[in-house]
């Protein structure tokens with residue numbers, strides 16, 4: 001079992017550029033979560049999907065952020081245009097959600113630096 | 001906004017001692033989970049305790065839940081250097097299929 005796969009692991013870009021982060025959840029999981037972690041704000045939930053459908057995107061900071069899940073095995077988080085304050089570690093997690101949220105399995109994260 | 005708040009924010013103990021971390025939350029929950037994060041890594045699930053449970057064990061880990069006080073504790077017995085990490089509690093509120101994480105407790109085990 002490969003676990004949750006994220007790419008790239010590190011991304012350095014310049015302000016104004018488009019950034020796309022990718023996630024492959026664990027096979028068979030039906031929920032996918034995008035988090036952002038910073039020293040100042042801790043771990044924040046940005047958006048989560050259930051059966052490929054976005055359920056709650058209230059954590060998405062602003063219109064510059066968008067997320068898609070075209071199928072059960074792939075999701076993207078896009079930032080366009082990027083800003084220095086977007087610098088953070090972005091985690092993807094997946095779980096099998098029944099009536100409640102059970103164990104979430106986290107990927108290794110993408111460390112984003114916007115110069 | 002944060003649902004869970006861990007206490008203390010940082011804890012440093014000697015190897016072999018027990019480590020206790022606390023988590024308080026604000027609203028009624030379905031379950032509470034504890035996760036560990038090693039430096040530069042993703043979070044790893046440790047243990048889940050449901051709202052109708054009061055105590056749970058897993059190896060050297062012991063978790064308690066007091067729903068009347070809206071608090072939980074994580075006890076790590078006989079700590080090892082490898083336990084050095086940040087520990088997060090996460091709560092799932094009733095009616096919400098998502099977790100809200102606290103700010104974490106940074107645990108350092110000194111050899």
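Each reported figure results from applying straightforward, stated rules to the coordinates on display, with no laboratory input. Predicted model only: the values in this text are computed from it and were never measured. Quick reminder, even Gly has a Cβ in these numbers, built from the backbone with ideal geometry, and neighbours come from all protein chains shown.
Matching residues to (1) part of a helix (DSSP H, G or I); (2) in contact with a strand residue (DSSP E or B) (Cβ under 6 Å, 6 or more places away or on another chain); (3) more than 9 Å from every other protein chain (Cβ to nearest Cβ):
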| site | (1), (2), (3) |
| --- | --- |
| A:76 | no, yes, yes |
| A:81 | no, no, yes |
| A:85 | yes, no, yes |
| A:90 | no, yes, yes |
| A:94 | no, yes, yes |
| A:97 | no, yes, no |
| A:103 | no, yes, no |
| A:111 | no, yes, no |
Taking strands (runs of 3 or more DSSP E) that do not extend beyond the stretch B:1-56, which have at least 1 residues that are without any contact (Cβ under 8 Å) to a residue 12 or more places away in the chain? B:43-50
Return the residues of the stretch B:76-111 that are over 24 Å from residue B:42 (Cβ atoms) and either within 14 Å of chain A (Cβ to nearest Cβ) or not in a loop (DSSP other than H, G, I, E, B) (or both); say none if nothing qualifies. B:94, B:95, B:110
Checked the stretch A:53-67 for anything over 19 Å from residue A:31 (Cα atoms) and either surrounded by 16 or more Cβ atoms within 10 Å (Cβ to Cβ) or out of contact with any strand residue (DSSP E or B) (no Cβ under 9 Å at 6 or more places or on another chain) (or both); matches are A:62, A:63, A:65
With the checklist (1) surrounded by fewer than 16 Cβ atoms within 10 Å (Cβ to Cβ); (2) over 18 Å from residue B:98 (Cα atoms); (3) touching a residue at least 12 places away in the same chain (Cβ under 8 Å) in hand, flag the one item residue A:40 doesn't pass. (3)
If I filter the stretch A:28-47 for residues that are in contact with a helix residue (DSSP H, G or I) (Cβ under 7 Å, 6 or more places away or on another chain) and more than 9 Å from chain B (Cβ to nearest Cβ), do I get at least one hit? no
